[in-house]
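K.L.:
Mind looking over this structure? Questions follow.
The values are calculated or read from the model by the stated rules, or taken from the named source; none is laboratory data. On a predicted model such as this, the values are computed, not experimentally measured, just so you know. Cβ placement follows ideal geometry from the backbone for every residue including glycine, while neighbour counts extend to all protein chains displayed.
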Amino acid sequence: MDGPQGRTASEWALLAVNVFKVCGAAIGGMVIRGAPGPARDAALAACRDSAGATPWTRIPINVDQDRLLGGLDLAATLAASKPVVSQGLLALADQGTVVLAMAERQAEFVTASLCDVLDTHELRIEREGLAATARAELAVIALDEGRDDDAPLAIGLRERLALTLETDYLPADVPYACADATAPDWQRVTVPVEAYTTLVNIADQLGIDSPRPVLAAINIARVLAAFEHAREASDRHVTEAAVLALLMRMPGGLAALEQTAEQPDAAVDDPHEEPPTPTADPEQDAARDPTDDEPTASDAAAPEKLDEATEALLPLQLLTQLAAAAARQQRTRNAGNSGAQAKANARGRPLASRPGIPAAGARLDLLATLKSAAPWQKLRPARSNARIAVQKDDLRVRRFKAQTRSTTVFIVDASGSAAIQRLAETKGAIELLLAECYVRRDQVALVAFRNDSAEVLLPATRSLVRAKRALAALPGGGGTPLAHGLRAGLELADAIAKRGETPLVVLLTDARANIALDGSANPALADEHALAVGKEFAQRGYQSLLIDAGRRPGRRCQQLADALDARYLPLPFADAGSVSQAVQGMAA
Amino acid sequence: MVANKAFPFTAIVGQEQMKQAMLIAAVDASVGGVLVFGDRGTGKSTAVRALAALLPKMAVVPGCAYNADPQRKDCGCDVCKRFARSDDAPKQAAVPVVDMPLGVTEDRVVGALDLERALAHGEKSFEPGLLARANRGFLYIDEVNLLEDHLVDLLLDVAASGENLVEREGLSVRHPAKFVLVGSGNPEEGELRPQLLDRFGVSVDVKTPTDINDRIEVIRRRDDFEQDPAAFRRRWARKESAVRKRLASARDNIHNMRVPDNVLHAAATLCLALGTDGLRGELTLIRAARAQAALDGDKTVTTAHLQAVATLALRHRLRRDPLDDADATVRVERAVSEAF
């Protein structure tokens, strides 16, 4: 192998797996991004050590907090008549690997717990009358199946996992099967001071702000040097570490690198468009367009000097393009707060447990059960096999006061018809509502439609920073694809309802639809489609409010409101106050 | 929390405001909690965990679950009562910095019926929780915005009253719980309710360093530390002990600090100009300025100290239009420059 340029995608993948096996826990672990399939299975299997001596724990999507962190062990507690800890999955995985299935959809407590364990290398629990600390030095493999429009992997976990494999860009038959590489004493390999500068510069070019990936890159450089029994990491090791820890982290990073390697002189086109994305969704592409012209931080950054070896492998241009593509993607996705699937009576403020039989949905509150049994022990006849006599009357089940959190979905007409004149007023009304949602801790989501499509400008979020940004960037003008807007809003509301929250729909439009669902400019058909989609809101029973943004309140809006079964609010004068009053009335 | 595993406080690159806020809270707990909000990987957790190593030891009643102060006799637990009658010597102990783990349940926070005793002996006794352990120290919550609301409410209430009242499961217990609440989080994951914001004494907005050299320095120190933590700490020992001394003398002098009328007047003017609600703003501002003066080794609080802490103490108290783009920090700075 001559130089770093020689490596193919398969070879990079093999290298990443070898690095993972040597120092997975020290660098957090790996994200395997891509749809389930043979390529992913092969990569996952390769990460597992061949002897199978270390724990390999898979965390399913529906894991509960007790099992993940540990809790009271029911059987053992009863047998020993004193509290016994049952070890959580994370403690059991000590010195091994945790595989996080559907990582992008895992609940916040799962990702946040993993982050904590990765930082402190121990698992501390303070739960249900137990206080314990267990060692948990582990590597995490997060299986990220998120497509373009899904919520991405929680940012905190993402930045703690150093390596990334995008299996969609890898052949299914990567030759992982070669002998395990060994890197004796990699911790002792020295890294030249210039390496820090090089790596920070590359991270800066890629728009990676956090120091964690860079620190991991340094350790990877050590491992790469140790593979070759070198005492000091060379420039090549550092550059290769940058590829593994920094470049491969960017979506489509490796594919773009390969391209530049094949045709070193040709200008790189937008790397994000070139590789065959699994979801070639025209709507998604269109959705990105309006944000294209915004300058990103990395565009503005002056090119820092990279040394020649690095420049040869990682052209500056490539870095800035990847950064821009990632920033663009980030904006259309919902950050962090991934699909925590709220189940009724499983979360929220705990209420006093009540007597009851644990059955579907209702979980036994062991602590409360034992407490209610405890005073009677002396009176109850002791049985030979059980230390504690628990009777049916003692059983207590948990109750939670579920937070009835609502999410207000704004569907905003940003078309060129009457609404455009009032877009500013509309924005004013929404801002006021946002401020109130913020105080109530409700979430908001924003869908806008214009030209020939609708766009989710803001997935459900509580972050005001993001809401503000999305609203400021709301452009106006073009046709009125009302049905598209309604459909996008409906999908969003469905997703919210599925999470166990209540969607409230606020539609601001003049209802002068002129683009039909098939994209044709046919007002009659467009109307028909809009009404058809509107009826689905009524069928699902979503609370909705239609604000007539036309200059003169019209029959068309009334009609649409009937279809939606929505409250109708003509708004001949912009009056943010009455809008917010109406929405509050709806929520009550 | 194991203090000797921590990254040295003084080795944190930049983030002066964050360090200042923590030191102020360490000097005078009555300033109230510290809220650190901002970008990832900026050393928020590192700073809190490092703080433990700087705090001077304190005298406690040996064996008391609440770290009671032998001088004050405010605890009232059996251990303390026995201690008061005996002539045992108090124990020197490290100031507790309690790290609240994720997924903590309410019974472990406030304390609850001791299950083991209840099961084995049928006795009703209280098992102290994290609040007891944090008494006279710090309670750190990472990702405070992910914590369940009812727990945040509870913590703020106890932090404000300095006392934990447990009325549950037939128990009625009251014990001192004076601690400095330190919360950290990332605003991209959702913000804190405004009602909670101003319950924190001082707040800091941390940003990733923009200077490339700072960032390189961050990486270099962190990597050095991970290579050989012990040697790294030895290299920083002198700086650490300088800060430790400064902190200790500030804690001694805080009670003799004089606050002249013109400073009080300036604080009131500033709060009025910014339209902060209630008196909590003024009070925190004065207390923080006093702690700052003590840290600087001064005997009298001046308006310069006031200026130095104005942003920390007030930026989260502005009655804000949540959509106003003007950064709170900028607004405070503007008001400060107008007022002085």
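K.L.:
Inside segment A:458-503, can you point out the residues that are closer than 19 Å to A:L434 by Cβ and part of a loop (DSSP other than H, G, I, E, B)?
P.N.:
A:R462, A:S463, A:A473, A:L474, A:P475, A:G476, A:E501
K.L.:
Are there strands (runs of 3 or more DSSP E) fully within segment B:1-100 with at least 1 residues that are away from chain A (no Cβ under 14 Å)? List them.
P.N.:
The strands (runs of 3 or more DSSP E) meeting that bar are B:33-38, B:58-60, B:91-93.
K.L.:
Would you check if there is a residue in segment A:441-449 being surrounded by 17 or more Cβ atoms within 10 Å (Cβ to Cβ), within 14 Å of chain B (Cβ to nearest Cβ) and within 15 Å of A:D413 (Cβ to Cβ)?
P.N.:
The answer is yes, given that some residue of segment A:441-449 is surrounded by 17 or more Cβ atoms within 10 Å (Cβ to Cβ), within 14 Å of chain B (Cβ to nearest Cβ) and within 15 Å of A:D413 (Cβ to Cβ).
K.L.:
Quick one: count up the residues across segment A:143-167 that are of a type in the set (D, E) and modelled with pLDDT of 80 or more.
P.N.:
Summing the residues that are of a type in the set (D, E) and modelled with pLDDT of 80 or more in segment A:143-167 gives 4.
K.L.:
Out of the residues in segment B:172-217 that are away from chain A (no Cβ under 11 Å) and at pLDDT below 80, state the one that is nearest to A:I208 (Cα to Cα).
P.N.:
B:L197
K.L.:
Exactly one condition in (1) buried (at least 20 other Cβ atoms within 10 Å of the Cβ); (2) out of contact with any Asp or Glu (no Cβ under 9 Å at 6 or more places or on another chain) is not met by B:T276; state its number.
P.N.:
Single failed check for B:T276: (2).
K.L.:
May I pose another question? What single numbered condition from (1) touching a residue at least 40 places away in the same chain (Cβ under 8 Å); (2) within 26 Å of B:L197 (Cβ to Cβ); (3) buried (at least 17 other Cβ atoms within 10 Å of the Cβ); (4) of a type in the set (A, V, I, L, M, F, W, C) fails to hold for B:L285?
P.N.:
Here B:L285 meets the rest and fails (1).
K.L.:
Take B:E226 and tell me if it is without any contact (Cβ under 8 Å) to a residue 60 or more places away in the chain, within 14 Å of chain A (Cβ to nearest Cβ) and not polar (S, T, N, Q).
P.N.:
yes
Residue-wise test of (1) within 30 Å of A:Y196 (Cβ to Cβ); (2) touching a Cys at 6+ places or on another chain (Cβ under 9 Å); (3) loosely packed, with under 12 Cβ neighbours inside 10 Å; (4) in contact (Cβ under 8 Å) with a residue 12 or more places away in the chain.
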| site | (1), (2), (3), (4) |
| --- | --- |
| B:I212 | yes, no, no, no |
| B:I216 | yes, no, no, no |
| B:R244 | yes, no, no, yes |
| B:I254 | no, no, no, yes |
| B:H265 | no, no, yes, no |
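K.L.:
Further question: Does segment A:196-225 hold any residues that are more than 17 Å from B:D223 (Cα to Cα) and more than 8 Å from chain B (Cβ to nearest Cβ), and which are they?
P.N.:
Selection gives A:I202, A:Q205, A:L206, A:G207, A:I208.
K.L.:
While we're looking at this one, here's another question. Any idea which residue in segment A:106-129 is nearest to the other protein chains (Cβ to nearest Cβ), counting only those that are in contact with a Gly (Cβ under 8 Å, 6 or more places away or on another chain) and among the β-branched types (V, I, T)?
P.N.:
A:I125
K.L.:
Checking the conditions here, which among A:A402, A:A418 is surrounded by fewer than 20 Cβ atoms within 10 Å (Cβ to Cβ), away from chain B (no Cβ under 14 Å) and at pLDDT below 70?
P.N.:
Testing whether each residue is surrounded by fewer than 20 Cβ atoms within 10 Å (Cβ to Cβ), away from chain B (no Cβ under 14 Å) and at pLDDT below 70 leaves just A:A418.
K.L.:
Among the residues of segment A:74-99, how many are buried (at least 20 other Cβ atoms within 10 Å of the Cβ), part of a strand (DSSP E or B) and hydrophobic (A, V, I, L, M, F, W, C)?
P.N.:
2
K.L.:
Out of everything in segment A:35-83 that is under 16 Å from A:L123 (Cβ atoms) and aliphatic (A, V, I, L, M), what residue ends up being modelled with the lowest pLDDT?
P.N.:
Among those residues, the one meeting the criterion is A:L72.
K.L.:
Still on this structure: Give me a count of the residues in segment B:20-57 that are within 20 Å of B:A177 (Cα to Cα) and among the β-branched types (V, I, T).
P.N.:
Total satisfying the criteria: 5.
K.L.:
Have a look at B:L131, B:L192, B:L154 and point out the one that is surrounded by 20 or more Cβ atoms within 10 Å (Cβ to Cβ), hydrophobic (A, V, I, L, M, F, W, C) and closer than 25 Å to B:C77 by Cα.
P.N.:
Going through B:L131, B:L192, B:L154 in turn, the sole match is B:L131.
K.L.:
Which of the residues belonging to segment B:107-137 are more than 8 Å from every other protein chain (Cβ to nearest Cβ), touching a Phe, Trp or Tyr at 6+ places or on another chain (Cβ under 9 Å) and either of a type in the set (F, W, Y) or not in a loop (DSSP other than H, G, I, E, B) (or both)?
P.N.:
Residues satisfying the conditions are B:L131, B:A132, B:R133, B:G137.
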